[in-house]
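Enquirer: Let me give you the structure first, and then I'll get to my questions.
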Amino acid sequence: MSRASFPVQKNELKELAPVVAPTEQIEQASPVASDVQKSTPAAPAPAAEPNGKSQLVALLLAIFVGGFGIHRFYLGYTEIGIIQLLTAGGCGIWALIDLVRIITGDLQPNSGKYSKEL
């Protein structure tokens, strides 16, 4: 029981107690536990998840409006899409290279893999 210069009810103590995350409690309680946690290797990053982008749609966009860089916007590369829009797809050369990269699967969406591939 804690003492104070004023009367404290038992339920008031629970409200005043600081909330500590379980990992912080372990580190405070045992310095050995924190060393074990630090030395444990991290789990490998999960493989890129499909994000709902279709390779066929990207291919069709590159074929029909590749000079405007619309396929880059679709794949999530906004900055490069703006540059392609301003340069007419690098005078068509950059759009042609992107077309080949989409067909071969080298140009993937910015946030993962295609959900539907050719």
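Enquirer: Starting from the amide H of K113, placed 1.01 Å from N in the peptide plane, find each other amide H under 5 Å away whose residue is 5 or more places distant or on another chain.
Expert: Answer set, sorted by chain and number: E49, N51.
Enquirer: While we're on this one: In the neighborhood of S54, defined by Cβ-to-Cβ distances under 13 Å, what is the net charge if each Lys or Arg adds +1 and each Asp or Glu adds -1?
Expert: Working: positive: K53, K113, K116; negative: E117.
Net charge around S54: +2.
Enquirer: Sticking with this one: If each residue of separation counts as 0.36 nm, what is the full-extension length gain between I103 and L118 once their alpha-carbon separation is subtracted? If you can, show how the numbers build up before the last one.
Expert: Details: separation 15, 0.36 × 15 = 5.40 nm, distance 0.80 nm.
Between I103 and L118, full extension yields 4.6 nm more.
Enquirer: Tally Lys and Arg at +1 and Asp and Glu at -1 over the other residues with C-beta under 12 Å from the C-beta of Y74: what net charge comes out?
Expert: Working: positive: K53, R72; negative: D98.
Summing Lys/Arg as +1 and Asp/Glu as -1 gives +1.
Throughout, read-outs are computed from the coordinates displayed, never taken from laboratory work. Here the structure is a predicted model, which is why all the values come from computation and not from measurement. Every residue, glycine as well, gets a Cβ built from its backbone with ideal geometry; the counts of neighbours run over all protein chains shown.
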